[in-house]
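J.: I'd like to ask some things about the structure below.
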Amino acid sequence: TSAIDDIHRTTLVSDDAEHSMEGKRIVEKLATLKHELQHDRQLTPLLDDGEQDIARYNSELEALGSPTWFNVPWLYAECYLYRRINTFFSMSKTWKNYDVFGRQKLSTFKSSRPAVLELAAKYKQIVLRLESESSAEASGSQEDVEEAKKLLFIEICEICLWGNATDLSLLTSLTYEDIQKLQGSEARKSSENNILVNDLPSAYQALANSRVAAGGGDNERAVEIILDNAGFELFVDLILAGYLLSTGLATTVILHPKSIPWFVSDVIPTDFASLLSALADPQAFYSTPSEEDTLAGRTPPPLSDREIDDLSFLYDQWREFHIDGKLVIRANRFWTEAESYWKLPEMLLEDLRKSELVIFKGDQNYRKLTGDLMWPSTTPFPTAIGPLGPGSGVRTLALRICKADVIVGLPEGTDEKLREQGGGDGGNGDAREWAWSGKWAVVQFFDGKS
């Protein structure tokens with residue numbers, strides 16, 4: 001419904017007759033898809049838009065026996081939904097590169113202003129402190145410096161974790177105030193006890209050991225981040241990337257966005273341009289009333305000189321990293337297929353092996369890592385990630401807020417305790433309802449290089 005509304009609003013202001021006509025046809029296709037879903041119709045083969053993944057989608061659909069919407073594996077159905085929506089645009093003439101979710105993503109990022117300003121100021125202080133470390137090291141406090149780096153790494157990663165709380169594909173009716181409550185330091189502090197497994201110290205140690213083994217030099221040490229949401233979460237992911245590069249924990253950070261608009265809020269390449277454009281002129285971006293501001297009668301206050309300076313600091317650093325080839329954006333069509341990561345293509349897997357750490361963000365990446373299977377909750381994480389487990393040559397770190405049943409690596413009795421606290425099956429058989437709300441999280445690491 002939101003997609004239909006977005007296309008309708010866009011065609012209203014279009015002065016291109018062909019663009020408007022194609023927009024109306026896309027609205028009709030979206031309405032048909034919505035009707036099929038609501039009335040449990042059969043999923044139909046995807047139309048061929050020239051991409052190789054279409055054949056794999058249709059082959060899997062055939063193997064599933066032409067299922068209906070209410071009787072099909074959830075992971076396949078979700079991926080199929082967004083891939084089918086994409087064909088409406090990819091097979092058009094004037095809408096090929098249109099992001100039907102772009103308006104929502106940018107609006108949510110604007111609503112994240114308080115958390116963005118808080119983190120920008122904090123990050124600038126961190127980097128300036130790192131630049132003055134030489135005097136601290138000279139005074140014999142190297143252990144203190146390393147401990148500080150470790151604690152900052154853990155905190156920034158936890159901010160990356162909870163940035164996922166504003167996933168637009170699951171939270172479709174967040175208000176301006178709701179978004180602000182989900183972000184910021186107080187919200188993060190209150191959520192620390194809800195991380196059921198936290199392997200961040202081990203992940204940091206692996207990176208620190210690699211830096212020492214390389215002699216702290218410029219030998220290639222890459223960290224790859226398989227991204228999740230755009231907007232505030234992407235902003236925090238870039239802060240993590242900047243921190244890794246500034247501390248020498250990595251010499252290159254490779255960011256993996258999706259190739260097509262995906263699960264409403266997932267990052268696509270153009271979201272980088274939108275975010276950097278906002279930071280290039282933050283006063284214009286944050287002081288101009290949005291449609292929501294206008295409807296609510298709000299006038300955003302102007303940014304202070306200090307706030308502008310903090311955001312400009314970030315923009316300048318990220319831009320320089322990108323120009324120097326230290327911050328790389330690398331899309332791969334596999335990330336928008338319905339396959340689990342047990343079926344990673346060998347070429348992609350080989351690329352991941354070359355990196356010091358691969359960070360998988362968010363719930364869907366976690367589900368794909370574990371095959372989206374009904375594992376016992378105490379199943380070891382290395383077992384559940386299959387080909388990325390023992391002997392894989394890949395160091396895997398999953399940052400995941402729980403929004404679906406699948407969960408592994410929990411201590412004995414944790415699942416049962418959470419069910420007793422009111423997150424039981426609620427009449428849904430084996431459903432693990434405590435894992436649906438986004439209240440709980442896991443941070444799980446496995447060193448496939450050891």
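J.: If you go through region 198-215, how many residues are under 26 Å from Glu158 (Cβ atoms) and not in a helix (DSSP H, G or I)? So that I can check it myself, show each step before the final result.
T.: Initially, region 198-215 is screened for residues under 26 Å from Glu158 (Cβ atoms), giving 198-212.
Applying the additional criterion that residues be not in a helix (DSSP H, G or I) yields 198-199.
Of the residues in that region, 2 qualify.
J.: Hey, another quick one. Which condition from (1) in contact (Cβ under 8 Å) with a residue 12 or more places away in the chain; (2) part of a helix (DSSP H, G or I); (3) surrounded by fewer than 19 Cβ atoms within 10 Å (Cβ to Cβ) is the one that Leu311 breaks?
T.: (3)
J.: Among (1) in contact with a strand residue (DSSP E or B) (Cβ under 8 Å, 6 or more places away or on another chain); (2) open to solvent by less than 70 Å² (accessible area, probe 1.4 Å), there is one condition Gln42 misses while meeting the rest; what is its number?
T.: (2)
J.: Next question, about the same structure. Would you be able to say whether some residue in region 287-299 is under 16 Å from Ala115 (Cα atoms), modelled with pLDDT under 95, in a helix (DSSP H, G or I) and not hydrophobic (A, V, I, L, M, F, W, C)? Break it down into steps so the answer makes sense when it comes.
T.: First, pick out the residues of region 287-299 that are under 16 Å from Ala115 (Cα atoms): 287.
Still in the running and modelled with pLDDT under 95: 287.
Narrowing further to those that are in a helix (DSSP H, G or I): 287.
Right, trim to not hydrophobic (A, V, I, L, M, F, W, C) and you get 287.
So far as region 287-299 goes, yes, one or more of its residues are under 16 Å from Ala115 (Cα atoms), modelled with pLDDT under 95, in a helix (DSSP H, G or I) and not hydrophobic (A, V, I, L, M, F, W, C).
J.: Taking the stated definitions as given, is Thr378 in a helix (DSSP H, G or I), more than 21 Å from Ile154 (Cα to Cα), among the hydroxyl-bearing types (Ser, Thr, Tyr) and free of Cβ contacts under 8 Å to residues at least 60 places away in the same chain?
T.: Working: in a helix (DSSP H, G or I): no; more than 21 Å from Ile154 (Cα to Cα): yes; among the hydroxyl-bearing types (Ser, Thr, Tyr): yes; free of Cβ contacts under 8 Å to residues at least 60 places away in the same chain: yes.
In short, no.
J.: In region 28-50, is there at least one residue being in a loop (DSSP other than H, G, I, E, B), out of contact with any helix residue (DSSP H, G or I) (no Cβ under 9 Å at 6 or more places or on another chain) and under 28 Å from Ala273 (Cβ atoms)?
T.: Pass one, region 28-50, residues in a loop (DSSP other than H, G, I, E, B): 39-41, 43-50.
The next check asks that each one be out of contact with any helix residue (DSSP H, G or I) (no Cβ under 9 Å at 6 or more places or on another chain); those that pass are 39-40.
Going one step further and asking which of them are under 28 Å from Ala273 (Cβ atoms), we end up with none.
No, region 28-50 contains no residue that is in a loop (DSSP other than H, G, I, E, B), out of contact with any helix residue (DSSP H, G or I) (no Cβ under 9 Å at 6 or more places or on another chain) and under 28 Å from Ala273 (Cβ atoms).
J.: Which of the residues spanning region 10-24 are in contact (Cβ under 8 Å) with a residue 40 or more places away in the chain and loosely packed, with under 13 Cβ neighbours inside 10 Å?
T.: Hits for region 10-24 are Asp16, Glu18.
J.: Just one of (1) in contact (Cβ under 8 Å) with a residue 24 or more places away in the chain; (2) under 28 Å from the mean Cα position of the chain (by Cα); (3) open to solvent by less than 60 Å² (accessible area, probe 1.4 Å) trips up Gln52, so point out which.
T.: Failing condition for Gln52: (3).
J.: Residue check, Pro301 against (1) surrounded by 13 or more Cβ atoms within 10 Å (Cβ to Cβ); (2) over 19 Å from Lys368 (Cβ atoms), all met but one. Which one?
T.: Exception for Pro301: condition (1).
J.: Sort through Leu245, Leu227, Leu240 and tell me the only one that's in contact with a His (Cβ under 9 Å, 6 or more places away or on another chain), at pLDDT 95 or above and within 20 Å of Glu158 (Cα to Cα).
T.: On the way: Leu245 fails: in contact with a His (Cβ under 9 Å, 6 or more places away or on another chain); Leu240 fails: in contact with a His (Cβ under 9 Å, 6 or more places away or on another chain).
Exactly one of Leu245, Leu227, Leu240 is in contact with a His (Cβ under 9 Å, 6 or more places away or on another chain), at pLDDT 95 or above and within 20 Å of Glu158 (Cα to Cα), namely Leu227.
J.: Find the residue count for region 197-219, including only residues that are loosely packed, with under 12 Cβ neighbours inside 10 Å and acidic (Asp, Glu).
T.: 1
J.: Collect the residues in region 321-339 that are in a helix (DSSP H, G or I) and exposed (fewer than 12 other Cβ atoms within 10 Å of the Cβ), keeping them in residue-number order.
T.: Of the residues in region 321-339, the ones in a helix (DSSP H, G or I) are 321-323, 333-336.
Answer for region 321-339, where residues must be in a helix (DSSP H, G or I) and exposed (fewer than 12 other Cβ atoms within 10 Å of the Cβ): just Ile323.
The values are calculated or read from the model by the stated rules, or taken from the named source; none is laboratory data. In this text, all values refer to a predicted model and were calculated from it rather than measured experimentally. We place every Cβ from the backbone using ideal geometry, glycine too, and count neighbours over all the protein chains shown. For the accessible areas, the whole protein counts, side chains as well, though only heavy atoms, and no ligand, DNA or RNA atoms are used. Shrake-Rupley method; radii C 1.70, N 1.55, O 1.52, S 1.80 Å.
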